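Participant: Just dropping this structure here.
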Amino acid sequence: MNRSYVPALLLDRDGVINYDHGYVGTPERFQFCDGLFDLVNRAIDCGYRIVVITNQSGIARGYYSEAEFYRLSAWMAQVFADRGAALSGVFHCPYLPGAQMPGYDRDSFWRKPNPGMILEAARSLDLDLTRSIFLGDQASDMTAAAAAGVAKRVLIRPEASFCAVTEADLLIRRLSELTDCLRPASSQDTRAPMRAKPRVPRV
């Protein structure tokens, strides 16, 4: 029997799903980014699964435990479900070279900019990375996505100026810019660049 592979919207967590207040480990410090649920519901309507791909060095640094991360992720997933946007998976890397916490001092293939988490998500969830999109806020997100073979790589940076990230296909300042240019996955041309609406220069 042939297996069916599906596209996904792969999301970094801090800075994409929630505002990055620095090592967020509890619901009290977890603030969802504006426009997130419009984006993920649009993506689901277009045929994408929603998958979280996140480095969590806060575990290795001792800011919170892996058990606390799992509890926060369960809470986050329930909020997604309540908003009609079920998550297909949450993949995290707790390791950090030079970490002080026992068991977490490791240069892991899962830690972005390495592609391990993305490749494991594709393997375990039957994802078609050639029709998928990765949305992140760091150059390491784009590097990992490119190494894994993700077709479209989107960098979000709210600041007025963008850094040069050669692996990014699209640079946006707000999640709504990606929402506006999403199309059904079956009609996305992976050879053509994604284009957001033209920006009015700020003065």
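Rule-based calculations on the coordinates, nothing more; no lab input. Keep in mind that what you see is a predicted model, and the values were worked out from it rather than measured. Cβ atoms come from the backbone with ideal geometry, glycine included; neighbour counts cover every protein chain shown.
Participant: So which pairs qualify, if the first residue must be in region 34-46 and crowded, with 16+ Cβ neighbours inside 10 Å, the second must be among the charged types (D, E, K, R) and in a helix (DSSP H, G or I), the Cβ gap must be under 7 Å, and the two must be at least 6 apart or on different chains?
Facilitator: none
Participant: Give the residues of region 1-29 that are in a loop (DSSP other than H, G, I, E, B) and touching a helix residue (DSSP H, G or I) at 6+ places or on another chain (Cβ under 7 Å), sorted by residue number.
Facilitator: Answer for region 1-29, where residues must be in a loop (DSSP other than H, G, I, E, B) and touching a helix residue (DSSP H, G or I) at 6+ places or on another chain (Cβ under 7 Å): PRO7, ASP12, ILE17, HIS21, TYR23, GLY25, THR26.
Participant: With ILE59, ILE53 as the choices, which residue is touching a strand residue (DSSP E or B) at 6+ places or on another chain (Cβ under 9 Å) and within 24 Å of LYS152 (Cα to Cα)?
Facilitator: Only one candidate passes the filter, namely ILE53.
Participant: Kindly list the number of the only condition in (1) of a type in the set (Val, Ile, Thr); (2) assigned to a helix (DSSP H, G or I); (3) within 26 Å of ALA168 (Cα to Cα) that fails for ILE59.
Facilitator: Failing condition for ILE59: (3).
Condition check ((1) under 30 Å from ASN41 (Cα atoms); (2) not hydrophobic (A, V, I, L, M, F, W, C)) across all residues:
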site: GLY58; (1), (2): yes, yes
site: GLU68; (1), (2): yes, yes
site: MET76; (1), (2): yes, no
site: PHE80; (1), (2): yes, no
site: GLY84; (1), (2): yes, yes
site: VAL90; (1), (2): yes, no
site: CYS93; (1), (2): yes, no
site: LEU96; (1), (2): no, no
site: GLN100; (1), (2): no, yes
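Participant: Go through region 92-127 and count every residue that is more than 20 Å from LEU155 (Cα to Cα), charged (D, E, K, R) and in contact with a Phe, Trp or Tyr (Cβ under 9 Å, 6 or more places away or on another chain).
Facilitator: 5
Participant: Then there's this: Got a number for residues in region 30-43 being among the hydrophobic types (A, V, I, L, M, F, W, C), over 19 Å from TYR64 (Cα atoms) and either more than 15 Å from the chain's Cα centre (by Cα) or part of a strand (DSSP E or B) (or both)?
Facilitator: 1
Participant: I would also like to ask the following. Check PRO115, PRO7 and return the single one that is within 30 Å of CYS181 (Cα to Cα) and touching a Ser or Thr at 6+ places or on another chain (Cβ under 6 Å).
Facilitator: The unique qualifying residue is PRO7.
Participant: Further, regarding this structure: Please find, among ARG61, ARG49, ARG3, ARG29, the residue that is buried (at least 21 other Cβ atoms within 10 Å of the Cβ) and either of a type in the set (D, E, K, R) or without any contact (Cβ under 8 Å) to a residue 12 or more places away in the chain (or both).
Facilitator: Criteria check complete, one pass: ARG49.
Participant: Please state which of the following conditions ARG71 fails to meet, knowing it meets all the rest: (1) part of a helix (DSSP H, G or I); (2) crowded, with 17+ Cβ neighbours inside 10 Å.
Facilitator: (2)
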